1. Are any residues in the stretch 229-245 under 18 Å from residue 262 (Cα atoms) and assigned to a loop (DSSP other than H, G, I, E, B), and if so, which ones?
2. Among the residues of the stretch 101-147 satisfying the criterion of being in a strand (DSSP E or B) and either modelled with pLDDT under 95 or among the small types (Gly, Ala, Ser) (or both), which is surrounded by the fewest Cβ atoms within 10 Å (Cβ to Cβ)?
3. Go through the residues of the stretch 333-348 one by one and say whether even a single one is part of a loop (DSSP other than H, G, I, E, B) and closer than 30 Å to residue 266 by Cα.
4. Only residues that are surrounded by 20 or more Cβ atoms within 10 Å (Cβ to Cβ) and hydroxyl-bearing (Ser, Thr, Tyr): list them for the stretch 323-345, please.
5. Name the residue, out of 355, 392, 378, that is open to solvent by less than 10 Å² (accessible area, probe 1.4 Å) and farther than 29 Å from residue 97 by Cβ.
6. May I ask you to list the residues in the stretch 153-171 that are within 15 Å of residue 125 (Cβ to Cβ) and open to solvent by 60 Å² or more (accessible area, probe 1.4 Å)?
7. Could you look through the stretch 64-81, keep only residues that are assigned to a loop (DSSP other than H, G, I, E, B) and among the polar types (S, T, N, Q), and pick out the one that is surrounded by the fewest Cβ atoms within 10 Å (Cβ to Cβ)?
8. Quick check on the stretch 210-220: of everything there that is of a type outside the set (A, V, I, L, M) and closer than 15 Å to residue 130 by Cα, which residue is least open to solvent (accessible area, probe 1.4 Å)?
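The values are calculated or read from the model by the stated rules, or taken from the named source; none is laboratory data. These numbers come from a predicted model, not from an experiment. For neighbour counting, all protein chains shown are included, and Cβ atoms are generated from backbone atoms with ideal geometry for every residue, glycine included. For the accessible areas, the whole protein counts, side chains as well, though only heavy atoms, and no ligand, DNA or RNA atoms are used. Shrake-Rupley method; radii C 1.70, N 1.55, O 1.52, S 1.80 Å.
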Amino acid sequence: MLRATACAAVLLAAAAVPAPAFADNDRDRGGAHPGNAGVQLGPRPFFLVEDMQDSRLKRKLQSCSNGPFRKSDFSIGHRGAALQFPEHTRESYEAGARMGAGILECDVTFTKDLELVCRHAQCDLHTTTNILVIPELAAKCRIPFQPAVYDAGGNLVTPARAQCCTSDITLEEFRMLRGKMDAFDPRATTPQQFLGGTANFRTDLYAGPTSGTLLTHKESIELFKSLGTKMTPELKSPEVPMPFNGFSQQDYAQKMIDEYKEAHVPPHKVFAQSFNIGDVLYWVQNEPAFGKQAVYLDDANTVADLPSFSDLVGYKKQGINIWAPPTFALLALDGSGNIVASQHARNAKRAGLDIITWTLERSGILADGNNGFYYQTIDPAIHREGDVMRVIDVLAKDVGILGVFSDWPATVTYYASCMGLK
């Protein structure tokens, strides 16, 4: 989701090893691999439920602590399970499936030789892969590594920088990379130091030299098929002038859909997304089987940026059926400080639109306040980690969303299983 350029996805893979199948009759529990394991939530959602203030919702969620927990389309793996795994890697996707995400996301961009790969932004290789410590690839970056500059007193004058894009390298070169957590150290004086900077609520534990397996878009399709999940590819905005080597924006949008058709994926299992309304309308008009559940992502940064009721009606009239704003857009506080559905959420429903939203488990510790972008409309009501369960409850029951992206799908899966959401 998040549109910011340096935000993330990791790509490609030496994908010779076929992923195991996720059989329908294995969904509920047990096992050790997403292919035969069913759903395993780990301790976090149980911690969150116990952390809630006493309420009817808490007691209901506590009553479900013994499961069974089931895969749910309400639970969407945002770049896999990016809270702890390098995003858009095989390992991240398998973790998301293991946690019951019924839908997994491959953000889609392209290489120099026009191959589609899973990546949050075209130009984030410097923050999400090890490209800067592979000299022959680092030399091809749009902006090679530039070390931080300090004054005589040791004060930072100019932060370290680099910019490396998928369009700088070929698919073959891309397969040399390993994914890491999306971060960089602005104080770095060496490329190796630049690879650090992981947020303290995340971890580098799953970003070692034998993991971080990057994937092409085609490889993600085959992996998701084997895991038994639906798919939500996002066509990322190019950061090179289009057409690029003769490759137009329409060619790009069509190529993404063509790869699902070539893999014989039924359109109802694909939720194509874009922040570019032109991409969504292209699918509506040229690939209607896929276009009818294409997702128009809203890039609003504040409430003032959100569409009006007439705008939402206009989306519906053009054939767009799913609007996907950030979570803050759908939530507000009533006069008593309770979290409720926002006017924009009600407007979308009145306009006949379905809603998907993004992104939970991306804001770090909630109890310390100042929770930023995703909680900007309801932050005064957020006091503890367990309050994320209240947020999910309002989104599900009051707003009536189809699903929610999460960096840790287990949290949403727990709620969905408890409430019987498929």
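1. Across the stretch 229-245, the qualifying residues are 229, 232, 233.
2. Going residue by residue through the stretch 101-147, those that are in a strand (DSSP E or B) are 101-104, 107-110, 116-118, 129, 143-146.
This time we only want the ones that are either modelled with pLDDT under 95 or among the small types (Gly, Ala, Ser) (or both), so: 101-102.
On the way: 101: 34, 102: 25.
Filtering first and then ranking leaves 102.
3. Restricting attention to the stretch 333-348, the residues satisfying the condition of being part of a loop (DSSP other than H, G, I, E, B) are 334-338, 342.
Now drop any that are not closer than 30 Å to residue 266 by Cα, which leaves none.
No: zero hits.
4. 327, 342
5. Values: 355 fails: farther than 29 Å from residue 97 by Cβ; 392 fails: farther than 29 Å from residue 97 by Cβ.
Of 355, 392, 378, the one residue that is open to solvent by less than 10 Å² (accessible area, probe 1.4 Å) and farther than 29 Å from residue 97 by Cβ is 378.
6. Quick first cut of the stretch 153-171, residues within 15 Å of residue 125 (Cβ to Cβ) only: 161-171.
Within the stretch 153-171, 161 is the sole residue that qualifies.
7. Taking the stretch 64-81 and keeping what is assigned to a loop (DSSP other than H, G, I, E, B), we get 64-71, 78-81.
Applying the additional criterion that residues be among the polar types (S, T, N, Q) yields 65-66.
Numbers: 65: 13, 66: 7.
My answer is 66.
8. The initial filter retains those residues of the stretch 210-220 that are of a type outside the set (A, V, I, L, M), namely 210-213, 216-220.
The next check asks that each one be closer than 15 Å to residue 130 by Cα; those that pass are 210-213.
Details: 210: 121, 211: 19, 212: 1, 213: 22 Å².
By that ranking, first place goes to 212.
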